[in-house]
Each structure stands twice: as C-alpha cells, then as structure tokens.
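Visitor: First, the structure itself, so that you have it in front of you.
The values are calculated or read from the model by the stated rules, or taken from the named source; none is laboratory data. Quantities reported herein were computed from a predicted structural model and do not represent experimental measurements. Glycine also receives a Cβ, built like all others from the backbone with ideal geometry; neighbour counts cover every protein chain displayed.
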Amino acid sequence: MPFHTLKNDIESGKGTHRSLDRTKEGMDCSDGEESPLPPATLKSLRQNSLSIHFTAVADILSTAQWTFAKKRRSGDILPQTIAHRGYKTNYPENTMGAFKGAVEVGTDAIETDIHLTKDDVVVLCHDSTMKRCFGDSRAVKDCTWDDVKKQRTVKAPHEAMPRLSDLLHYLAEPGNEHIWVLLDIKHDNDPSIILRLIASTIAATPPHPSTPWSSRILLGIWLEEFLPHCAQHLPNLPVTHIGFSVPFARRFLKYPHVSFNILQQTLMTPHIGNAFMRDARARGRPIYDWTVNEEGMMRWSIKAGLDGVITDNPELFLRVRKEWEQGKRAVGVSGRQWSMVAIFNMLTVLMTLYMIAKHRGLSAEQRRRLGEIRRRSLELPKPAGGAVAR
C-alpha cells in the first residue's frame, strides 16, 4: 500500500491528524496486544498533563455516542435500525426512493455502498458493474457520470443511481438531521483515491446547522489498508470494520477507534461469536450485524445486545423492536436458520484463509505512522464544522 503520502504529510507538518475516538483504550491494551499509540504518546498521556488531552478526547468520544444502541421509552437499550441500501424490500436498492422510504418509516440510519465513476464522481452502488441493478454490463469505474446518470434501475419505479452528494443534500434537509449514514467503502477501490474524494464530497456539502457530518457519517472499511487514509482525509469520522469473519475482525481490536459490522451468522457461532462480542464490548466498541431480514433473527440480534441491526426491511425491524419493548421476547430461531449458520461458517473458514493470505494488514512501520497521525490529533486544534478534507 502506498504510504509515502502520509510520510510526506507528517514530515512536512501539513496538519494531517486523526480523532482519537478511544484514546484511553490505546493506553490500556492487554496481554501483549500492541498499542496503536507511540510510546512517547503513552508516556505523556499517563503523566499529570492528561487534563488538556482528555478535554479534547472527551469531545471526540461524545460525538461517537450516536453509533451505539439507544435507550427507548420503555427503559430498554435496544439496537438502532439501519436500512440496508435503503428500504431495499420495497424499492430499488441504493436509490433516493429507497433512502426516502426508509426515513419515512422511521429508520435510525441508512447503509449504502460507495464506488467511483471514471471521472471521479462518488456514486452509491453495491456492485462493481451496473448489470444486476441497471441491466448494463459495464463497470461503474469505466463510465463517466454523464453515462451513469442516464441509467435506470431494472426494478420499478426505474430510478437513477444517486451520488453521495445527492444523499447528503437530502439528509441535510430540515427534519432529517437525526438520520445518520454508514458508508460501505468497497475494497476494490483504491483507498488513497476513494477516501480523498469522499472527503471532498462531504466538505462541499453543507450539513444541517445542528448536526455536523462528524456526528452523522460512519466510514465502513473491509481492510486495514484503508485505515491510514481514513486518518488522513477524514480525521473526525468514526470507522467501522465490515466483515464476515470473526478471526479476521479481531485484527481490528488493536485499533482503538474501530467498531464492528459483522455478518450475523458468524456472530451466532457458539463460543467464537460470543467471545468476540465480549472482547469488543470490553473495549467499548459498537457492534452491528448484517443482513437481518427474518423476525426470529431480528430478535436474536436484540437479545444479543447489539448496537445496530442492518436490514432490508426497516419497517419490519421497527415493529419487532416495538414488540420487544412490549414484552414479546421469544427469539424463535428455527432449525433451518441454525443450519444456515453452520453453512455460512463453513464458507467463512475458506474466505478467512483467503483474506488472511491476500491481505496481511499494516506493517509495523505503517502502524507506527498511523500512531503518529493519532498523536498529532492531540496537538492540533480541533477543526470546526465536522469533517475536513485534507
């Protein structure tokens, strides 16, 4: 992974910095786990000058609370509803109709996918090609925005592919300021390019006056290689690891600012899933699962105490969550569903081996420089107005 950009920025003092969403956790790494913070920073944080540092850190921590489960009127702390590609059950996925439909039924958040056009426009599309959703076999990256915007979904009502800016403008409208968004940044993108362009898109889109983008956008990444670029370009935004493998996800426990968005069936694995959730919670990390569309599986997610449930049918999950508050709490996972858990986990073993072989993560030098970026966030003034593109 090209790391020279970070090196040059650090050495030239351009002001690249990273919000320390979990600085204290970086101080308290356990049992041989390597701290992402440099030794000098750990030493300074443990000295009496902590007060200045933790004043800034407390602000950062408080801005990330919107990513956790919420206390309901009943007093229960229950998962947030996260609409997968919008209200996918009722609308063409990743369209403005799907996003608006999810907001109209009361979703807490929207999950969507990020790709780039040939002329560097950030668009919202799950697949690398337009074949499945638009009937055009071309890759998104091979088409200009003028080409893409003419396409219409195969599924009625035949909508256009939106840009990230289109969604952000909608979320900035009065009445939508409580909705946050999880951006699934596909790992086939070049991290140095995609994060820079996401940052410039966010910076060019005015947020609602009461809610800066830093309290409404969660960056979803699959690979460690994306972390330094998140730190460089979007230092105020929290990050979540998206994945289907618990063993692979454990790599991210050593990074104090990363939450987890994991395939539900792998979290349901006895012992392995429970141990991972316990370890993540011990470090103060939010946990979400995907993609949860059946009532029994939704109740499992609620009972497991997750922070968010990603679903194609936000209206159904909202009903199940309300019934849970009213006392209907039988989980009811069927034998067929448990069989699917077993099948998913056998496939996950193979995929985990592939991911580990292909993506060996950050080198020691890269981790050191990522720590330098975090250290600089303690020294530099906190930027105003949410996310800042660098």
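Visitor: Does H126 count as surrounded by 16 or more Cβ atoms within 10 Å (Cβ to Cβ), of a type outside the set (D, E, K, R) and in a loop (DSSP other than H, G, I, E, B)?
Guide: So H126 passes the test.
Visitor: Being among the aliphatic types (A, V, I, L, M) and touching an Asp or Glu at 6+ places or on another chain (Cβ under 6 Å) is the filter; apply it to the range 169-205 and report the residue that is nearest to R85 (Cα to Cα).
Guide: Looking at residues that are among the aliphatic types (A, V, I, L, M) and touching an Asp or Glu at 6+ places or on another chain (Cβ under 6 Å), I get L182.
Let's see how each residue does on (1) basic (K, R); (2) within 25 Å of the chain's Cα centre (by Cα); (3) under 17 Å from K186 (Cα atoms):
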residue: T95; (1), (2), (3): no, yes, no
residue: G101; (1), (2), (3): no, yes, no
residue: H115; (1), (2), (3): no, yes, yes
residue: C125; (1), (2), (3): no, yes, yes
residue: T129; (1), (2), (3): no, yes, yes
residue: D146; (1), (2), (3): no, no, no
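Visitor: Run down H233, H257, H241 and say which single residue is modelled with pLDDT under 95 and within 24 Å of E372 (Cα to Cα).
Guide: H257
Visitor: I need a count of the residues in the range 145-187 that are farther than 18 Å from T211 by Cβ, touching a Ser or Thr at 6+ places or on another chain (Cβ under 6 Å) and not in a helix (DSSP H, G or I).
Guide: Count: 1.
Visitor: Restricted to the range 300-341, and to residues that are part of a helix (DSSP H, G or I), basic (K, R) and surrounded by fewer than 20 Cβ atoms within 10 Å (Cβ to Cβ), which residue is modelled with the lowest pLDDT?
Guide: The residue in question is R336.
Visitor: Can you tell me how many residues in the range 148-162 are under 20 Å from K118 (Cα atoms) and more than 27 Å from the chain's Cα centre (by Cα)?
Guide: 3
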